[in-house]
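Colleague: The structure that follows is given in the form of structure tokens.
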């Protein structure tokens, strides 16, 4: 069994995958860093023989996984962005500087939708946009604050706005400061994504708009353009790698 781990800025996500070629991915497990490290020490992954890691956080989780895999004689590889892999070519002059989550989302998109022009939206702590053509060439993208990051940023710089995060995403005008701030952050995000679609269509004729990340479901519901929700996009990219 393979364990595929995506360590983001605010949480850890993982899936299991059987060793057979092109085996399906399990459902995603979401948890905080401490809970994931506790699962490592408690033997929750005793059936795993390979671990693949994508990490945009720090060394804490990496060190915990490395120590656990060494102690249990399990194959372990941390994946990094590169100039080219699995039919995808980076637009970055320094390919290693491209976030590995964005890189893997593009690789996953290429595997799921080959020979299609794709706009990939990954909406989490940051909202990222990447344009990938039918030949696998990356045409660049954007990095923006995520919805919750926008919310926290404004509250940290103001004194008179009293607001709490709302679970329901909406673009309607708010009738109190809390709703005004929450809905305004969603409006900013959706407005930016709509502009990204316009920019992408000026370069390529888009075949699909793919949405992934923790806020993916909400964004897919708010965008009127035709889009496809793909929660496991990064894991599909991560699953392409094999133990060396």
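Colleague: Can you tell me how many residues within the stretch 96-129 are farther than 12 Å from residue 81 by Cβ and in contact (Cβ under 8 Å) with a residue 24 or more places away in the chain?
Modeller: Residues that pass the stated criteria total 21.
Colleague: Please go through the stretch 61-79 and give me each residue that is in contact with a strand residue (DSSP E or B) (Cβ under 9 Å, 6 or more places away or on another chain) and either in contact (Cβ under 8 Å) with a residue 60 or more places away in the chain or exposed (fewer than 14 other Cβ atoms within 10 Å of the Cβ) (or both), ordered by number.
Modeller: Filtering the stretch 61-79 down to residues in contact with a strand residue (DSSP E or B) (Cβ under 9 Å, 6 or more places away or on another chain) leaves 61-62, 65-66, 68-70, 74-79.
Scanning the stretch 61-79 gives 65, 70, 75, 77, 79.
Colleague: Kindly check whether there is at least one residue in the stretch 210-220 that is farther than 30 Å from residue 132 by Cβ and either within 24 Å of the chain's Cα centre (by Cα) or in the same structural domain as residue 32 (by TED's automatic domain parsing) (or both).
Modeller: No - not one qualifying residue is present in the stretch 210-220.
Colleague: Quick one: which residue in 171, 181 is out of contact with any strand residue (DSSP E or B) (no Cβ under 8 Å at 6 or more places or on another chain), part of a loop (DSSP other than H, G, I, E, B) and within 23 Å of residue 195 (Cα to Cα)? Outline the logic, then answer.
Modeller: Details: 181 fails: part of a loop (DSSP other than H, G, I, E, B).
Residue meeting the stated conditions: 171.
Colleague: Pick from the stretch 15-40 the residues that are in contact with a strand residue (DSSP E or B) (Cβ under 8 Å, 6 or more places away or on another chain) and part of a loop (DSSP other than H, G, I, E, B): which of them is farthest from residue 235 (Cα to Cα)?
Modeller: The qualifying residue farthest from residue 235 (Cα to Cα) is 32.
Colleague: Let me ask another. Scanning the stretch 184-212 for residues that are outside any helix (DSSP H, G or I) and in contact with a helix residue (DSSP H, G or I) (Cβ under 8 Å, 6 or more places away or on another chain), which turns out surrounded by the fewest Cβ atoms within 10 Å (Cβ to Cβ)?
Modeller: So the residue we want is 206.
The values are calculated or read from the model by the stated rules, or taken from the named source; none is laboratory data. Since the structure is predicted, the reported quantities are computational estimates derived from the model, not experimental observations. Cβ coordinates were reconstructed from backbone atoms using ideal geometry, including for glycine residues, and neighbour counts include every protein chain displayed.
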